[in-house]
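For reference, the structure discussed in these notes is given below.
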Amino acid sequence: MVDILLIEDNEELGTLLCDFLRRDGFTVFHAKTGEEGLLFCSQEKTKLVLLDIMLPGLDGFSVCGTIRENANIPIIIISARSDKEDKIRGLRFGADDYIEKPFDIDVLLAKIHAVLRRNYDMFEKGVLLSDGNLTLDVDANQAWLDREPIELTNKEFLLLTIFLRNKGKVLRKEQLFDMVWGEDSISEPSTLTVHISMLREKIEADPKKPVRIRTLWGVGYKYEAL
């Protein structure tokens, strides 16, 4: 297993990122195309993917979607495309975060450490959480609704775990954002809203009229047990 799979077609930037990551103690595999990155994922394991969008051949959005269909690996998109629509599209394809180029390498390293810490160290193992027809196995990183498995991204899984641990409690938006993305995150708080919406699509009978994850306007959210 390597710590980080970097999928970046720019040779100079890719080499520079690999050098910085290795100096920070990470093992890295550098794929220069989406196809090469997917081949690596099918044959090897990695803890995190750094993914460019504008790749030759298969673009980053398609790569992100394919990885997410087959694994629950944290994915951070690094892209020069800064449009709001691109960020939302990346999140909907399953990315955990979206960072614009150019970026400060120290900020990127801090973000990587935070994502790895939150995804692999945040919760104790062997915990089973449930609410009515919804069940989470924290150790296996699996969720079921009506005894059928549901596919959740890492951030969706973390959010739902927090909600189930805090049934009936009011969680402020800032509090949730810091717990899942961290105070050192350079993501926008609106990212939380997008992930809440995607989570509702998967666990609510009617996502437009949610009964589990309730919005408290101007405050935050509250999970209502069924």
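In the set (1) under 17 Å from the mean Cα position of the chain (by Cα); (2) in a helix (DSSP H, G or I); (3) of a type in the set (Val, Ile, Thr), the condition left unmet by residue 76 is number (2). Among the criteria (1) at pLDDT below 85; (2) hydroxyl-bearing (Ser, Thr, Tyr); (3) surrounded by 15 or more Cβ atoms within 10 Å (Cβ to Cβ), the one residue 153 does not fulfil is (1).
Are any residues in the range 81-115 over 18 Å from residue 63 (Cβ atoms) and of a type in the set (Gly, Ala, Ser), and if so, which ones? Listed by number, the residues that qualify are 82, 110, 114.
Selection within the range 1-49: residues that are in contact with a Gly (Cβ under 8 Å, 6 or more places away or on another chain) and in a helix (DSSP H, G or I). The member of this set that is surrounded by the fewest Cβ atoms within 10 Å (Cβ to Cβ) is 35.
Of the residues that sit in the range 168-214 and are modelled with pLDDT under 95 and touching a Pro at 6+ places or on another chain (Cβ under 7 Å), which one is nearest to residue 116 (Cα to Cα)? If we take residues in the range 168-214 being modelled with pLDDT under 95 and touching a Pro at 6+ places or on another chain (Cβ under 7 Å), then 177 is nearest to residue 116 (Cα to Cα). A single member of 192, 199, 134 is in contact with a Phe, Trp or Tyr (Cβ under 9 Å, 6 or more places away or on another chain), in contact (Cβ under 8 Å) with a residue 12 or more places away in the chain and either farther than 14 Å from residue 221 by Cα or among the charged types (D, E, K, R) (or both), and it is 134. Against the list (1) on the phi < 0 side of the Ramachandran plot; (2) surrounded by 15 or more Cβ atoms within 10 Å (Cβ to Cβ); (3) in a loop (DSSP other than H, G, I, E, B), the condition residue 161 fails is (3).
The values are calculated or read from the model by the stated rules, or taken from the named source; none is laboratory data. Everything quoted here is computed from the prediction, not taken from an experiment. No Cβ is skipped: glycine too gets one built from the backbone with ideal geometry, and neighbour counts run over all protein chains shown.
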